[in-house]
Amino acid sequence: MLISTLPADGLCAFHLLYCDPTIEIKARETPLIVNVFKPALVLALLAGAAMATPARAQSAAEGRTIAFDRGKGNCLTCHAIKGGDLPGTIGPELTGLKARYSRDELIAIVTDETKRNPLTVMPPFGRNRILSEQEINAVVDFLQTL
Amino acid sequence: MTPRLAIRAAMALALGVPAFAPAAHAAETIDPVADKAAFQKFFTDKFPKLKREDFVNGPYSMNEDLHKQWQEKEEFPPYEFSLEDGKQMFTTPFKNGKTYADCFPNQGIGIRQNYPYFDEKEGKVVTLELALNRCREANGEAPISYVKDEMAALTAYMAFTSRGKPMDIKIPNDPRALEAYRLGKEYFYTRRGQLNFSCATCHVQSPGERIRAEVLAPALGILNAMPIYRSEWSGMGTTSRRFITCNSQTRAVPLNPQDDEYRNLEYYLSYVSNGLPISGPGARP
């Protein structure tokens, strides 16, 4: 998945900040769950779905509110999200996330994406206390519904 | 060195923090000429259809629809009132009988492209807005706000008399001038505020992209259009206002207008747009 389309080479020409070859900017493939067709795992996933509690659904609804709130997650500023108006174009569309990222990965991305990609535009919602841990959890609950 | 460490070292170097290997620190020698060439090439490569001078139209240069909007706007420019006010202010004598024209080279006409400049006597960068207030004070007038209509009107008029003239910022052979440039560059690329944005995050990494419905302007030529009428502001804004608003929008604590950091930033950002025409006053969504 293309995290950023930043042409690092071009930028490096005028600021050292962008020159580090270890900064991986493009194509950060997050491995899909390769064993998804194993019967045991399928059963586990189904069980997980069955356990999707009303509490989790409520949390996802709260997460949606936070994600769309300009003073909170404000995710639409950069990402297209189903059901959101006037999305920006800087980040990728938020769709099919559950298949691509684990819950922990999503929490890590929202908390501080600069850890994976130092040049990301994405604000570090957890590190800079833009959102509380509980709010991030709710946002991730919402992201997993997309 | 682990990737993380290498990144930190690179950032530290970029920010001039003496955190690692002093030998490597010398790797970033300040070379404004090379900076400018690389900076301009970055944008012209990224937007191969645009001519270099097109960049001064900001978001309106980024695609055809926006360009049409701009052309339509220019027929009844929203900055026209400001321009008229500015001309009147500029030509009206102070109480002592002198005018702004007496404070500037060439009576202040067609000189906007030379601002900001490095004043070797003061050892600091002097912007046009600063020079205008100094002119007022030297003539016994109270300074005016850097972020309000009067300053925008004055700079609008002065920019208008310089339209089409290529930005021409000089860095004199004075280590303090080079340092001011370096500090401006550092400010431009340093992330700050709760949202963790640098100027470059939006205006170098993401020009042409949208945040919500708004198209981000390229950093190249961004000051050539100042001051600007912004529909979002329902009014005119100076360079000072633009810097302060950018800081607040990223939830950083804005500096005071014409603080050294802003003066240096304007110096850097104007220098790397040398050669592009003055297009101010401008209009923006």
Evaluate the following for A:Leu146: is it in contact with a helix residue (DSSP H, G or I) (Cβ under 6 Å, 6 or more places away or on another chain), in a loop (DSSP other than H, G, I, E, B), modelled with pLDDT under 95 and over 20 Å from B:Arg251 (Cβ atoms)? yes
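Can you confirm whether B:Phe104 is at pLDDT 95 or above and aromatic (Phe, Trp, Tyr)? Even if it seems obvious, please write down each step before you answer.
Working: at pLDDT 95 or above: yes; aromatic (Phe, Trp, Tyr): yes.
The answer is yes for B:Phe104.
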Residues (assigned to a loop (DSSP other than H, G, I, E, B) and under 22 Å from B:Pro281 (Cβ atoms)) located in the range B:97-136: B:Thr99, B:Phe104, B:Ile109, B:Gly110, B:Ile111, B:Tyr115, B:Pro116, B:Thr127
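If you take the residues of the range B:227-242 that are part of a loop (DSSP other than H, G, I, E, B) and hydroxyl-bearing (Ser, Thr, Tyr), which of them is farthest from B:Val147 (Cα to Cα)?
The first filter runs over the range B:227-242 and keeps only residues part of a loop (DSSP other than H, G, I, E, B), leaving B:227, B:234, B:238.
Narrowing further to those that are hydroxyl-bearing (Ser, Thr, Tyr): B:234, B:238.
Numbers: B:Ser234: 14, B:Thr238: 6 Å.
The selected residue is B:Ser234.
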As an exercise: evaluate B:Gly164 against (1) in contact with a strand residue (DSSP E or B) (Cβ under 6 Å, 6 or more places away or on another chain); (2) crowded, with 20+ Cβ neighbours inside 10 Å and give the number of the one condition it does not meet. (2)
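Does B:Lys185 satisfy the condition of being basic (Lys, Arg), closer than 19 Å to B:Leu265 by Cα and in a helix (DSSP H, G or I)?
Numbers: basic (Lys, Arg): yes; closer than 19 Å to B:Leu265 by Cα: yes; in a helix (DSSP H, G or I): yes.
Against the criterion (basic (Lys, Arg), closer than 19 Å to B:Leu265 by Cα and in a helix (DSSP H, G or I)), B:Lys185 qualifies.
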Candidate set from the range B:188-215 (those that are in contact with a helix residue (DSSP H, G or I) (Cβ under 7 Å, 6 or more places away or on another chain), more than 26 Å from B:Lys165 (Cβ to Cβ) and hydrophobic (A, V, I, L, M, F, W, C)); member that is farthest from the other protein chains (Cβ to nearest Cβ): B:Val215
Just to verify a result, which residue in the range B:28-39, among those that are more than 9 Å from chain A (Cβ to nearest Cβ) and outside any loop (DSSP other than H, G, I, E, B), is surrounded by the most Cβ atoms within 10 Å (Cβ to Cβ)? B:Pro32
Do you know which of the residues in the range A:62-74 that are free of Cβ contacts under 8 Å to residues at least 24 places away in the same chain and crowded, with 17+ Cβ neighbours inside 10 Å is nearest to the other protein chains (Cβ to nearest Cβ)? A:Asn74
Residues in the range B:60-74: is at least one under 21 Å from B:Thr155 (Cα atoms) and more than 21 Å from the chain's Cα centre (by Cα)? yes
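Output the number of residues of the range A:103-146 satisfying the condition of being among the small types (Gly, Ala, Ser) and in contact (Cβ under 8 Å) with a residue 24 or more places away in the chain.
Restricting attention to the range A:103-146, the residues satisfying the condition of being among the small types (Gly, Ala, Ser) are A:108, A:126, A:132, A:138.
Those still in the list that are in contact (Cβ under 8 Å) with a residue 24 or more places away in the chain too: A:138.
The qualifying residues number 1.
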Which numbered condition trips up B:Asp149, out of (1) outside the structural domain of B:Pro93 (by TED's automatic domain parsing); (2) over 30 Å from A:Arg129 (Cα atoms)? (1)
Hits in the range A:75-102 (condition: within 14 Å of another protein chain (Cβ to nearest Cβ) and not in a loop (DSSP other than H, G, I, E, B)): A:Cys75, A:Leu76, A:Thr77, A:Ile81
Would you say B:Gln88 is in a helix (DSSP H, G or I) and surrounded by 14 or more Cβ atoms within 10 Å (Cβ to Cβ)? no
Out of curiosity, is A:Arg64 out of contact with any Pro (no Cβ under 6 Å at 6 or more places or on another chain), among the basic types (Lys, Arg), modelled with pLDDT of 90 or more and in a helix (DSSP H, G or I)? yes
For B:Ser240, which of the numbered conditions (1) without any contact (Cβ under 8 Å) to a residue 60 or more places away in the chain; (2) surrounded by 21 or more Cβ atoms within 10 Å (Cβ to Cβ) fails to hold? (1)
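Can B:Lys148 be described as modelled with pLDDT of 95 or more and surrounded by 15 or more Cβ atoms within 10 Å (Cβ to Cβ)? Before the answer, list the steps.
Working: modelled with pLDDT of 95 or more: no; surrounded by 15 or more Cβ atoms within 10 Å (Cβ to Cβ): yes.
No: the conditions fail for B:Lys148.
The values are calculated or read from the model by the stated rules, or taken from the named source; none is laboratory data. Predicted, not measured: the structure shown is a model, and the values here were computed from it. Backbone-built Cβ (ideal geometry, glycine too); neighbour counts: all protein chains shown.
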